[in-house]
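Each remark here refers to the structure printed beneath this line.
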Amino acid sequence: MRLPFYPLLFFCLIIFRAWTAEPVQLTRLRCDSREHPLGVESRQPRLSWQLVSAVRGQKQTAYRILVSDHPQTLAAGQGNLWDSGKRVSDQSIQVPYEGKPLLASQSYYWKVQTWDKDGQPSGWSAPATWQMGLLTKADWGKAQWIALEELPASERIVPFVHDPNAAKPLGDRKSAQNALPQFRKEFRLEKPLKRATAFISGLGHYELSLNGQRVKDHFIDPGWTNYDHSALYATYDVTTALRRGANVLSALLGNGFYNIPVERYRKIVGSFGYPKLICKLHLAYEDGTHQEVVTDQSWKVTQSPITYSSIYGGEDWDATREIPGWMEAGFDDTGWQTPLVVQGSPQLRSQTAPPVKIMETFKPVRITQPKAGIYVIDLGQNMSGIPQISVTGKTGSIIKITPGELLGDDSLVTQQSSGQPHFYRYTLKGTGTETWHPRFTYYGFRYLQIEGAVPAQGLLSTIAMPSADIPVLKAVKGLHIRGSAETVGAFSCSNELFNRIDRLIDWAIKSNMVSTLTDCPHREKLGWLEETHLMSGSARYTYDLATLLPKIIRDMQSAQLANGLIPDIAPEYTAFASGFRDSPEWGSAGVILPWYTYQWYGDKSILVESYDMMKKYVAYLGTKANNHILTHGLGDWCDLGPKPPGESQLTPKGITATATYFYDLTILEKTARLLGKTADADRFQQLAQAVKKAFNETYYDAQKGQYGSGSQTSNAMPIYMNLVTPDNQAAVTASLLKNLKDNHYSLTAGDIGFRYLLLALGQVGASDAIYAMNNRADVPGYGYQLAHGATALTESWPALRFVSNNHFMLGHLMEWLYGGLGGIQQDENVPGFKAIVIKPEVVGDITHTRVRYHSPYGPIRSEWKKTGTQLELMVSIPANTTATVYLPTGNAVLESGKALDQQKDIKVLRTEANQTVVAIGSGSYVFKL
């Protein structure tokens, strides 16, 4: 039988397409930027997914979402809570749920289908889930805050006192001065269980166990907040930890920032109250019934083996006080106390930021004995962490561990740079090998000083076998703790110094990423806000901060005063004075960070939530301005001048403060327009122009072609923030470059100015100057720090020994390594890396660079290598995005062996500044020049 020609041809084309087309795969389903999250608070959570396809130019043209309250219903293709239907849209991130109302603690199941650029449907994604948190106070049912003791309200110290001489113990305690509680509750499970969910908050920190086993691996939970406003709770699926019959919930509590003892080191002293606990265990049975186990006076409490714990001072554990079997069913707790029912934080919010965990383990690289009976262990890396020891010895023997990031001239640990004294004491129970680590504190350290024990021969072969009276240290480790945000970036290049700088900065980021972004992991542990917007530009290239940054923004909302001031730290546990509380470059994080979060992750809801805070803060700055000029604050903190580091030395404070004020106004104008608040936007635009005019009249020196003192910061900030008028642009740029050349490309910009210096130099096409400034070790800077033994970024360019040597500051070069040298950027007018910019800078002696970044839409790769006069650029762009690629001109450009005009997937847009600019869709490309 002969088929007519045209139907046969059509049939063959269909078969050919089936053989050759690669279907779109749907992966990384997320709800509110988390995978299979528990404790979702939003009643309209935002759903995201990624498309994977090797086909060039692949994109989504429509989607359909199904949401069900039962997995079988979803598997049957029914969305009984929400069936979006086929929606013509390319939106694949932050799609708001629009179905039936969601219920507290309930689990929901969803999947998505998309249509590609040719209108062809994908298969359904694998199903994903989310579980709601407790949405109202009533959802906690009969759960009550319980405690071992209660601090009288009259003796609370809030805000905390910044007074190193404060030494009066808090409260009149009936138990030991620093006693900490442990709680237990026995209950029975008599029916087949469908699901069990635990909701818990323990202030300051808790460790939850079920039937003697730790529930998850979180460390110093919950995250820090202003506890007079709210506390965070965590949600755990504990279904598999339960058993038929008797079960036991148990918890240990630590002080954290809720209650800071006066003993040992403390940056600040104060108390919201003594530690307390609230917990609800929700049991859903197969027969449809439910049961709740909640904290109340049916629980039992006693003192734990923790005899001292301070977020600043360290922790002690007396193993002779351990009570065998207390976490197991059948234990006789008749001698324990009935807990007190107490008041807790007025609001409980779900902890959605990545929990802090133990992320890496370090073993000794060197052990010395600088003094009789004292051993110093070098772990090789300055990190945020805790020690872990394994030891044998007699009952009652005490081992003291002192961490530190530096050694003194006597080769002993010194805490001069990091706050002292901070140490740990472990009292042995004397039964076999005992392994212990602190539970509710941490420190920044590279070295561990051991007293009261001798390292075993396996650790240090030169030490003779000890006396039987001295404990033997069998093993010691450094456990690095940090927020468990996913790693999303990687950088490498042919310049080994730049690779080491990348690692140096990365360790400062990791060591200060907990439930906020701290300045240092030892001396202060406070959320100084300037770094949340200055350093997050680097941090977000390497870690997924999509849920941490909103938590920090909410800390700022909580900290904002009635007059609109956002203080320099959040949570604001203590009120510092003058510029240490009110500095525009710090408080403006309340405006800048919500905008950056929207730009990087495409989440518009953070702007809706933050808009009132942003407006109030800018209005506050207006009340401080004189003729639109601000002059208060700390200025370009830690710039490199003739004096020791501190407040700005080289740049007038009015330049950094007023430039930041102007930047705030431009952001607020864009935010207002995005949210449809046109009248507000027009008003902010007019005010911004007035500030710009005043700034130029006050600080621009037409004769010298510079701003203020002509320092690096003085000229860089106006260039980047668009404060320079067009007719002065060339002069100011020349002045900036002359300053660098005259100073032999030495760094002088400080905490505020350095990022803007890098951005301004990149903006004017002077990446060669960035290279010259940082490819050296002979003057203060990154290379200088490395040459002086730093393994994490230090607080000062010259790596001074009396300042922090692990500091979340001045690490802005990482942003350039990814976005400049590697060239991965985004179109600032299109959020979430929907429109990518690939603009690598080929500078200096670098012959190759590799950069990867996993964006909200998928992985982006930019890799280039130079061989003689030839350059090869390899680019990968995720599906459902586009990219603009900047290629150096001079040679003919080929892509996959063909001229650009022969490639249908590439469009030449223009030629500018010796670069050919092309537009591409998703897929992989190899350009050769």
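The values are calculated or read from the model by the stated rules, or taken from the named source; none is laboratory data. Since the structure is predicted, the reported quantities are computational estimates derived from the model, not experimental observations. A quick note on method: Cβ atoms are made from the backbone with ideal geometry, for glycine too, and the neighbour counts reach across all protein chains shown.
Restricting the search to the range 409-419, which residues are farther than 18 Å from residue 377 by Cβ and either without any contact (Cβ under 8 Å) to a residue 24 or more places away in the chain or of a type outside the set (Gly, Ala, Ser) (or both)? Can you show your working first?
Going through the range 409-419, the residues farther than 18 Å from residue 377 by Cβ turn out to be 409, 416-417, 419.
Listed by number, the residues that qualify are 409, 416.
Taken over the range 826-852, residues that are in contact with a helix residue (DSSP H, G or I) (Cβ under 9 Å, 6 or more places away or on another chain) and of a type in the set (Ser, Thr, Tyr) amount to 1.
Among the residues of the range 764-776, is there at least one that is more than 24 Å from residue 488 (Cα to Cα) and touching a Ser or Thr at 6+ places or on another chain (Cβ under 7 Å)?
So in the range 764-776, the residues more than 24 Å from residue 488 (Cα to Cα) come out as 764-776.
Next cut, touching a Ser or Thr at 6+ places or on another chain (Cβ under 7 Å) only: 764.
So far as the range 764-776 goes, yes, one or more of its residues are more than 24 Å from residue 488 (Cα to Cα) and touching a Ser or Thr at 6+ places or on another chain (Cβ under 7 Å).
Only residues that are hydroxyl-bearing (Ser, Thr, Tyr), in contact with a Ser or Thr (Cβ under 7 Å, 6 or more places away or on another chain) and assigned to a strand (DSSP E or B) were counted across the range 478-503, and they come to 1.
From the list 640, 621, 561, the one residue that fits, being modelled with pLDDT of 95 or more, buried (at least 19 other Cβ atoms within 10 Å of the Cβ) and aliphatic (A, V, I, L, M), is 621. When the test is whether a residue is at pLDDT 95 or above and either under 26 Å from residue 340 (Cβ atoms) or out of contact with any helix residue (DSSP H, G or I) (no Cβ under 9 Å at 6 or more places or on another chain) (or both), residue 248 passes it. Considering only residues in the range 220-235 that are of a type outside the set (Val, Ile, Thr) and within 28 Å of residue 283 (Cα to Cα), the one that is surrounded by the fewest Cβ atoms within 10 Å (Cβ to Cβ) turns out to be 230.
Among the candidates 447, 424, the residue that is over 24 Å from residue 304 (Cβ atoms), of a type outside the set (S, T, N, Q), assigned to a strand (DSSP E or B) and more than 24 Å from the chain's Cα centre (by Cα) is uniquely 447. For the range 748-764, a residue qualifies if it is under 26 Å from the mean Cα position of the chain (by Cα) and surrounded by fewer than 24 Cβ atoms within 10 Å (Cβ to Cβ), and the qualifying residues are 759, 762. A Cβ distance below 8 Å, combined with a sequence gap of six or more or placement on separate chains, defines the contacts here; from the range 837-850, residues that are over 11 Å from residue 768 (Cβ atoms) and outside the structural domain of residue 599 (by TED's automatic domain parsing) reach residues that are of a type in the set (A, V, I, L, M) and surrounded by fewer than 18 Cβ atoms within 10 Å (Cβ to Cβ) in the pairs 850/490. Taken over the range 210-254, the criterion of being out of contact with any Leu (no Cβ under 9 Å at 6 or more places or on another chain) and without any contact (Cβ under 8 Å) to a residue 24 or more places away in the chain is satisfied by 240 alone.
Would it be correct to say that residue 605 is over 30 Å from residue 836 (Cα atoms) and of a type in the set (Ser, Thr, Tyr)?
On the way: over 30 Å from residue 836 (Cα atoms): no; of a type in the set (Ser, Thr, Tyr): yes.
Taking the combined requirement at face value, the residue does not satisfy it.
Would you call residue 448 modelled with pLDDT of 95 or more, over 30 Å from residue 546 (Cβ atoms), surrounded by fewer than 23 Cβ atoms within 10 Å (Cβ to Cβ) and out of contact with any Cys (no Cβ under 9 Å at 6 or more places or on another chain)? In short, no.
Which fully enclosed strands (runs of 3 or more DSSP E) of the range 82-152 have 2 or more residues being among the β-branched types (Val, Ile, Thr), assigned by TED's automatic domain parsing to the domain that holds residue 70 and at pLDDT 95 or above?
Working: elements: 107-115, 128-131, 145-147.
Fully inside the range 82-152 and qualifying: 107-115.
Kindly check whether there is at least one residue in the range 409-422 that is of a type in the set (A, V, I, L, M, F, W, C), buried (at least 19 other Cβ atoms within 10 Å of the Cβ) and touching a Lys or Arg at 6+ places or on another chain (Cβ under 7 Å). Scanning the range 409-422 turns up no residue that is of a type in the set (A, V, I, L, M, F, W, C), buried (at least 19 other Cβ atoms within 10 Å of the Cβ) and touching a Lys or Arg at 6+ places or on another chain (Cβ under 7 Å).
Let's see how each residue does on (1) touching a Gly at 6+ places or on another chain (Cβ under 6 Å); (2) in a loop (DSSP other than H, G, I, E, B); (3) more than 30 Å from residue 487 (Cβ to Cβ):
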position	(1), (2), (3)
545	no, yes, no
551	no, no, no
597	no, no, no
608	no, no, no
612	no, no, yes
617	yes, no, yes
620	yes, no, yes
640	no, yes, yes
643	no, yes, yes
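Based on this model, can you work out whether residue 585 counts as part of a helix (DSSP H, G or I), acidic (Asp, Glu) and within 13 Å of the chain's Cα centre (by Cα)? No: the conditions fail for residue 585.
Of all the numbered requirements in (1) modelled with pLDDT of 95 or more; (2) under 15 Å from residue 651 (Cβ atoms); (3) not in a helix (DSSP H, G or I), residue 716 misses one, and that requirement is (3).
With the range 261-343 as the region, which strands (runs of 3 or more DSSP E) entirely inside it contain at least 1 residues that are surrounded by fewer than 23 Cβ atoms within 10 Å (Cβ to Cβ), without any contact (Cβ under 8 Å) to a residue 24 or more places away in the chain and not polar (S, T, N, Q)?
Numbers: elements: 269-271, 276-285, 290-294, 300-303, 306-310, 314-318, 340-342.
Hits in the range 261-343: 290-294.
On the stretch given as the range 654-703, residues that are among the small types (Gly, Ala, Ser) and either more than 19 Å from residue 719 (Cα to Cα) or surrounded by fewer than 17 Cβ atoms within 10 Å (Cβ to Cβ) (or both) total 6. Given the conditions (1) in a helix (DSSP H, G or I); (2) in contact with a Ser or Thr (Cβ under 8 Å, 6 or more places away or on another chain), and given that residue 709 satisfies all but one, which numbered condition is not satisfied? Of the numbered conditions (1) in a helix (DSSP H, G or I); (2) in contact with a Ser or Thr (Cβ under 8 Å, 6 or more places away or on another chain), the odd one out for residue 709 is (1).
Figure legend. Inter-residue proximity from the range 888-910: first residues farther than 15 Å from residue 873 by Cβ, second residues small (Gly, Ala, Ser) and at pLDDT below 90, beta-carbon distance below 8 Å, spacing 6+ or different chains. Indicated pairs: 899/892.
Could you say whether any residue in the range 491-499 is polar (S, T, N, Q), in contact with a helix residue (DSSP H, G or I) (Cβ under 7 Å, 6 or more places away or on another chain) and modelled with pLDDT of 95 or more?
Within the range 491-499, one or more residues are polar (S, T, N, Q), in contact with a helix residue (DSSP H, G or I) (Cβ under 7 Å, 6 or more places away or on another chain) and modelled with pLDDT of 95 or more.
Whenever a residue of the range 75-88 is among the small types (Gly, Ala, Ser), its partners that are in a loop (DSSP other than H, G, I, E, B) and surrounded by 18 or more Cβ atoms within 10 Å (Cβ to Cβ), lying with C-beta atoms within less than 9 angstrom and at least six residues away or across chains, give the pairs 79/99; 84/99.
What residue, among those in the range 876-905 that are modelled with pLDDT of 95 or more and not hydroxyl-bearing (Ser, Thr, Tyr), is nearest to residue 55 (Cα to Cα)? Walk me through it before giving the result.
Of the range 876-905, the ones modelled with pLDDT of 95 or more are 876-886.
Then drop every residue that is not not hydroxyl-bearing (Ser, Thr, Tyr), which leaves 877-880, 883, 885.
Details: 877: 11, 878: 10, 879: 8, 880: 11, 883: 15, 885: 18 Å.
Among residues in the range 876-905 that are modelled with pLDDT of 95 or more and not hydroxyl-bearing (Ser, Thr, Tyr), the one nearest to residue 55 (Cα to Cα) is 879.
Of the residues 568, 506, which single one is in contact with a helix residue (DSSP H, G or I) (Cβ under 9 Å, 6 or more places away or on another chain), surrounded by 24 or more Cβ atoms within 10 Å (Cβ to Cβ) and in contact (Cβ under 8 Å) with a residue 40 or more places away in the chain? From the options 568, 506, the qualifying one is 568.
Checking 143, 75, 104 one by one, the residue that is touching a helix residue (DSSP H, G or I) at 6+ places or on another chain (Cβ under 6 Å) and surrounded by 13 or more Cβ atoms within 10 Å (Cβ to Cβ) is 104 and no other.
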